[in-house]
Amino acid sequence: MIKDIENREDLVMLMSKFYNKLLKDNTISYLFTDIAKINLEEHLPIITDFWNLSLFGKGNYKNNVLQLHLDLNKKSNLTPEHFKTWLATFNLTVDENFSGENSERIKTKALSISTVMQIKLHKSA
């Protein structure tokens, strides 16, 4: 049986697998590599901090995640297809590696974040 997401270490593994999948998908990878120009080694601890705070209420993530995406959207339009790909890849990665209450909670949070972000991006356009 697959275990649930229990701690930050589980989130580190999840984010690593998730971003490795995203970076192999040509429909979305360019947003990370060419537009945002993320350094995955630097980005993973930050995004792990975000999910650690979001899921467990722990950590010190301080960035404005919405503003980061509003800025990115100014450089390259974030489309509903990008969000569908992001969410489908996120859910698939969770389901392949974890099962349980926290796994379901993180998928629900991802859906909520994706939905709110799309609404905010649309309003700012």
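Things to note:
- Nonlocal amide H pairs with Asp4, under 5 Å, H built at 1.01 Å: Ser99
- Helix axis angle, 101-124 relative to the chain longest principal axis, alpha carbon, degrees: 10
- Full-extension gain in nm, Ser99 to Asp71, via 0.36 nm per residue minus C-alpha separation: 6.7 nm
- Evaluating 6.51 cos²θ - 1.76 cosθ + 1.60 at θ = phi - 60° for every residue in segment 51-65, the Karplus couplings come out as 6, 4, 5, 5, 8, 10, x, 10, x, 9, 5, 10, 5, 8, 4 Hz, glycine and proline recorded as x.
- The chain: most fluctuating residue of Lys107, Lys74, Lys17 per GNM, C-alpha cutoff 10 Å: Lys74
- Between Glu42 and Ile119, the contour length at 0.36 nm per residue exceeds the alpha carbon distance by 24.9 nm.
- Degrees between helix 80-97 axis and first principal axis of the chain (Cα, 0 to 90, nearest 10): 10
- Label-point gap, in nm, between Asp25 and Lys84 - each point 7 angstrom along Cα→Cβ: 1.1
- Cross-link partners of Lys75 among aspartates and glutamates (Cα-Cα below 15 Å; sequence separation of 8 or more within a chain): Asp34
- Relative to its residue count, the chain spans a Cα convex hull of 98 Å³ per residue.
- Pairwise FRET efficiency - Asn64 versus Ser16, Cβ, R0 = 25 Å, nearest 0.05: 0.55
- Filter on Lys17/Lys37; Lys24/Lys120; Lys24/Lys62; Lys3/Lys109; Lys3/Lys37; Lys17/Lys120 - keep pairs with C-alpha separation over 25 Å: Lys24/Lys120; Lys24/Lys62; Lys3/Lys37; Lys17/Lys120
The numbers here are math on the coordinates, done by the rules we state, and not lab data. Worth saying up front: this structure is predicted, and the values here are computed from it rather than measured. In this analysis, Cβ positions are derived from the backbone assuming ideal geometry, glycine residues included, and neighbour counts consider all displayed protein chains.
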